[in-house]
1. Give the range 15-44 a look and list any residue that's exposed (fewer than 13 other Cβ atoms within 10 Å of the Cβ) and without any contact (Cβ under 8 Å) to a residue 24 or more places away in the chain, or say none.
2. For the range 104-113, give me each residue that is surrounded by fewer than 21 Cβ atoms within 10 Å (Cβ to Cβ) and hydrophobic (A, V, I, L, M, F, W, C).
3. Quickly run through the range 77-124 and pick out the residues that are of a type in the set (D, E, K, R) and within 18 Å of Leu41 (Cα to Cα).
4. Restricting the search to the range 114-137, which residues are open to solvent by 20 Å² or more (accessible area, probe 1.4 Å) and either hydroxyl-bearing (Ser, Thr, Tyr) or in contact with a strand residue (DSSP E or B) (Cβ under 6 Å, 6 or more places away or on another chain) (or both)?
5. Being in contact (Cβ under 8 Å) with a residue 12 or more places away in the chain, crowded, with 17+ Cβ neighbours inside 10 Å and part of a helix (DSSP H, G or I): is that true of Ala90 here?
6. Of the residues Asp85, Asp101, which single one is touching a Gly at 6+ places or on another chain (Cβ under 6 Å) and surrounded by fewer than 20 Cβ atoms within 10 Å (Cβ to Cβ)?
7. Given (1) in contact with a strand residue (DSSP E or B) (Cβ under 8 Å, 6 or more places away or on another chain); (2) part of a helix (DSSP H, G or I); (3) of a type in the set (A, V, I, L, M, F, W, C), where does Ile60 come up short, assuming only one miss?
8. Listed residues Asp130, Asp119; which is closer than 30 Å to Lys66 by Cα, modelled with pLDDT of 70 or more, among the acidic types (Asp, Glu) and in a helix (DSSP H, G or I)?
Amino acid sequence: MKRDQKKQFVKNFKDILDNVGILVVTHYSGLKTTQTDELRLKIKEVGGKFVIVKNSLMKIILKDHKSKEFKALFNGPVALAYSEDEVSAAKVAVNFSKDNDKLLILGGMIGDKFLEQKDVLEIATLPSLDEIRAKLVSLIQTPARNIAYALKFSANKLARVFNEYSKLDIPKESKLDE
């Protein structure tokens, strides 16, 4: 990278950090190019990105950052997985690391909050935004479907009861009238 490209990268990545939902820091030492491309594609499918970064540039980007723990993650071959929502990038990166032991999850950030490795692993178990939306729609539809079924079923039952009642031979004068 030339000097002006580095400056542009630093400027652009600062904007990305301000607007990202989650940022997962990984070590990718030993991953083949095909594996890196596969991971990059999987993260792109969920609306995120996987970027290999230079530690020197990240230290410039993070010089004003509050979290010393987060800054300490930028040693060795570091790559970042990030997405706009708080789950997708973590879920894909963690699932990929289960199949590829060369990808190590180090930690991450959500907003200004530092995430340890265990935190990122826990976030990866959460349902994605699309899964939550599907569950919510299902929950909303289920009661309405049950009410409609109950009303239909009750109306049919009530009609049968009235029909059977009309067939009964009840004396006109009953002792209740007395």
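The values are calculated or read from the model by the stated rules, or taken from the named source; none is laboratory data. It should be emphasised that the depicted structure is a prediction, and the values quoted were computed from it without experimental measurement. All Cβ positions, even for glycine, are placed from backbone atoms using ideal geometry, and neighbour counts span all protein chains on display. Surface areas here come from the heavy atoms of the whole protein model, side chains and all, with no ligands, DNA or RNA. Shrake-Rupley method; radii C 1.70, N 1.55, O 1.52, S 1.80 Å.
1. Within the range 15-44, the first condition is being exposed (fewer than 13 other Cβ atoms within 10 Å of the Cβ), and the residues that meet it are 15, 18-19, 29-30, 32-34, 37, 41.
Passing the criteria: Asp15, Asp18, Lys32, Thr33, Thr34, Asp37, Leu41.
2. Selection gives Leu104, Leu106, Ile110.
3. From the range 77-124, those of a type in the set (D, E, K, R) are 84-86, 91, 98-99, 101-102, 112-113, 116, 118-119, 122; that's our starting set.
Residues satisfying the conditions are Glu84, Asp85, Lys91, Lys98, Asp99, Lys102.
4. The answer is Glu116, Gln117, Thr125, Ser128.
5. yes
6. Asp85
7. (1)
8. None of the others qualify; the one that does is Asp119.
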